[in-house]
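We did not get these values from a lab; they are worked out from the coordinates using the rules stated. Because the structure is a prediction, the values reported are computed rather than measured. Please note: Cβ atoms are built from the backbone with ideal geometry, for glycine as well, and neighbour counts cover all protein chains shown.
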Amino acid sequence: MLEMQALGNALKNLGFKTASGVPCSLLSPLINYSLEHMEYLMANDEGSALGIISGMALGGKRGFVLMQNSGLSNALSMLSSFNAIFQVGVLGFVSLRGERIDGINHDEPQHELMGKITQDVLNLFEVKNDFLSPDISVAKHQLERACEFLEHNQSYFFIVRPKTIAPFSHTPIAITPKPTTHIELFDSESVKNDTNSHQSPLDSCLPHRIDALKIISELLKQEPIIGLFSTGKCGREAYTIADLPNNLYMVGSMGYVSAIGLGISKASTHKVICVDGDGSYLMQMGLEVANAFYAGANFCQIVLDNATHDSTGGQFTLSPQCDFLSLAKGFGYANIYICGDLDDFAQALQSFAYGNFAGPSFIYLRIKSGSIDNLMRPKISPKAVARRLSDFIAKGF
């Protein structure tokens with residue numbers, strides 16, 4: 001079996017100093033080592049972990065993702081519509097629960113199917129992979145080979161069988177919640193009710209999404225702030241306004257834009273703005289706990305809420321059921337801005353960009369549904385967008 005100290009040293013010697021993932025008993029030695037000797041970002045789902053490490057890769061830092069094979073399916077959206085399309089390679093370790101021995105699954109019943117098809121799934125999604133060797137000399141060569149693929153922007157996953165890595169214990173960590181310290185409630189109804197309201201202002205008075213995005217775009221033209229825009233019309237409108245080198249337009253991977261933003265914010269000192277619609281935001285809300293806990297003052301989550309899936313035909317979302325102020329407070333965002341109009345929104349952005357508040361920010365604005373006529377689609381490829389953004393980050397301020 002691999003001694004974890006030797007495997008950890010091999011990873012660190014290759015530049016891997018950060019990990020993110022969802023625990024698995026087979027991977028607990030690697031997780032425990034990362035908790036003790038690296039930076040470990042606990043994710044609430046596998047796609048979020050992949051997004052975080054992908055963001056770090058865009059920011060020029062190496063990290064790796066950890067997951068049980070039963071959770072591999074949760075990462076497939078990111079692997080197929082972000083990592084493959086934007087050509088952002090990451091290193092991954094996926095455990096092999098439920099491997100057939102003499103044709104029989106001796107593991108828990110939930111691993112029956114995935115135990116048979118783990119490598120097939122990785123191959124189907126064109127992810128380079130290998131079984132991690134329990135011999136350290138072989139494992140070192142495997143890691144070096146994996147890094148060659150990463151250099152060419154291709155992901156590489158190791159499948160980890162039982163008893164591949166020797167046990168490694170760690171000192172339990174007590175989590176101290178991070179409280180909200182600064183709230184601005186611009187909407188009069190929000191002030192009155194200590195909540196945001198889907199009844200005020202009237203829908204006819206709400207701003208259009210593109211007008212909110214124009215305010216963001218003007219800020220990104222003036223300052224070296226990264227702008228990440230959710231999939232669909234949000235990203236397309238941002239591109240239509242101005243195609244900036246510090247922009248990234250998601251295409252797919254719905255709900256994971258802030259995971260990528262968190263990764264970039266950890267790898268870089270640049271400020272990062274993540275723009276979600278209500279539909280994409282609600283899809284992966286487990287991310288918000290990680291954002292609020294791990295992000296610093298250079299991270300901002302924006303939610304533009306039109307209560308519809310605007311990009312797919314205007315079907316309703318369940319955002320009217322949500323109290324976004326209470327959600328943001330519950331997650332522990334340090335700075336929260338509930339905006340009533342575009343002036344409030346611009347003021348909130350200025351506070352994030354130029355204020356001296358500690359901790360991550362959350363900005364909420366209700367908007368009208370609908371988009372502009374002749375909405376453009378990016379003519380620049382996702383791969384080129386990713387390379388351009390990485391170059392922008394590498395240049396610094």
- Item | Label-point separation, residue 44 to residue 169 (7 Å along Cα→Cβ), nm | 3.2
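At 0.36 nm per residue, minus the direct Cα-Cα distance, what do residue 110 and residue 222 gain on full extension? Give it in nm, one decimal, please.
So the chain would gain 35.1 nm between residue 110 and residue 222.
Return the FRET efficiency for the residue pair residue 184, residue 391: r is the Cβ-Cβ distance, R0 is 51 Å, and the value is rounded to the nearest 0.05.
On the way: r = 35 Å, r/R0 = 0.69.
My answer for the efficiency is 0.90.
State the extension gain, in nm to one decimal, for the chain segment bounded by residue 289 and residue 101, taking 0.36 nm per residue of separation less the distance between their alpha-carbons.
Numbers: separation 188, 0.36 × 188 = 67.68 nm, distance 3.93 nm.
Gain in length upon complete extension: 63.7 nm.
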- Note on the structure: Quick calc: nm separation of the 7 Å Cα→Cβ label points for residue 131 and residue 214 -> 6.1
- Lys/Arg +1, Asp/Glu -1 at C-beta; the range 4-160 dipole; positive extreme among 133, 119, 104: 133
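Which value, in debye to the nearest 20, gives the size of the charge dipole of the chain about its Cα centre, when Lys and Arg are +1 and Asp and Glu are -1 at the Cβ? Numbers along the way, then the final one.
On the way: 30 positive and 38 negative charges, 202 e Å.
Dipole size: approximately 960 debye.
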- Task: Return the aspartates and glutamates within reach of residue 140: Cα separation strictly under 14 angstrom, same-chain partners fewer than 8 residues apart disregarded; answer none if there are no such residues.
- Result: 3, 130, 148
- Task: Round to the nearest 10 and give me the degree value, 0 to 90, for the angle of helix 342-354's Cα axis relative to the longest principal axis of the chain.
- Result: 50
- What fraction of the Cα pairs in the chain, stated in percent, has a spacing above 38 angstrom? 21
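Give me the number: length gained by fully extending residue 369 to residue 341, i.e. 0.36 nm times residue separation minus the C-alpha to C-alpha distance, one decimal in nm. Intermediate results must be reported in sequence, preceding the final value.
Working: separation 28, 0.36 × 28 = 10.08 nm, distance 1.50 nm.
Once the chain is fully extended between residue 369 and residue 341, it gains 8.6 nm.
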- Taking 357, 293 and counting other C-beta atoms within 10 Å, the order from fewest to most: 357, 293
- Item | the chain: relative contact order as a whole-number percent, Cα under 8 Å and 6+ apart | 19
- Message: If I model a spin label as a point 7 Å beyond the Cα along the Cα-Cβ vector, how far apart are those points for residue 354 and residue 25 in nm?
- Response: 5.7
- For the range 1-111, evaluate the Debye formula with one uniform point scatterer on each Cα (no solvent term) and list log10 I(q)/I(0) at q = 0.13, 0.15 Å⁻¹, rounded to two decimals. -0.50, -0.66
- Message: For residue 1, project a label point 7 Å along Cα to C-beta. Then give me every residue of the range 26-67 with its amide nitrogen under 13 Å of that point.
- Response: 26-30
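Longer than 23 Å from Cα to Cα, which of 17/116; 17/266; 233/266 are they? Say none if no pair is. The partial results should precede the final answer.
Numbers: 17/116 32 Å; 17/266 12 Å; 233/266 27 Å.
Checking Cα-Cα distances, 17/116; 233/266 exceed 23 Å.
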- Note on the structure: CD proxy, 222 nm, the chain: helix-only mean residue ellipticity via -39,500 (n - 2.57) per DSSP H run with n ≥ 4, per residue, nearest 500, stands at -11500 deg cm²/dmol
- Which of the aspartates and glutamates could a cross-linker span from residue 329 if the Cα-Cα distance has to be under 20 Å and same-chain partners fewer than 8 positions apart are dropped? 184, 187, 189, 194, 276, 278, 288, 305, 344
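Based only on other Cβ atoms within 10 Å, what is the fewest-to-most ordering of 144, 46, 184, 99?
Exposure proxy ranking, most exposed first: 144, 184, 99, 46.
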- Query: Cα gyration tensor of the range 199-290, axes a ≥ b ≥ c as square roots of the eigenvalues: rounded (a/c below 1.5), prolate (a/b > b/c) or oblate?
  - Reply: oblate
- For residue 93, enumerate residues with amide H under 5 Å from its amide H, sequence gap 5+ or separate chain, H modeled in the peptide plane. 65, 66, 67, 158
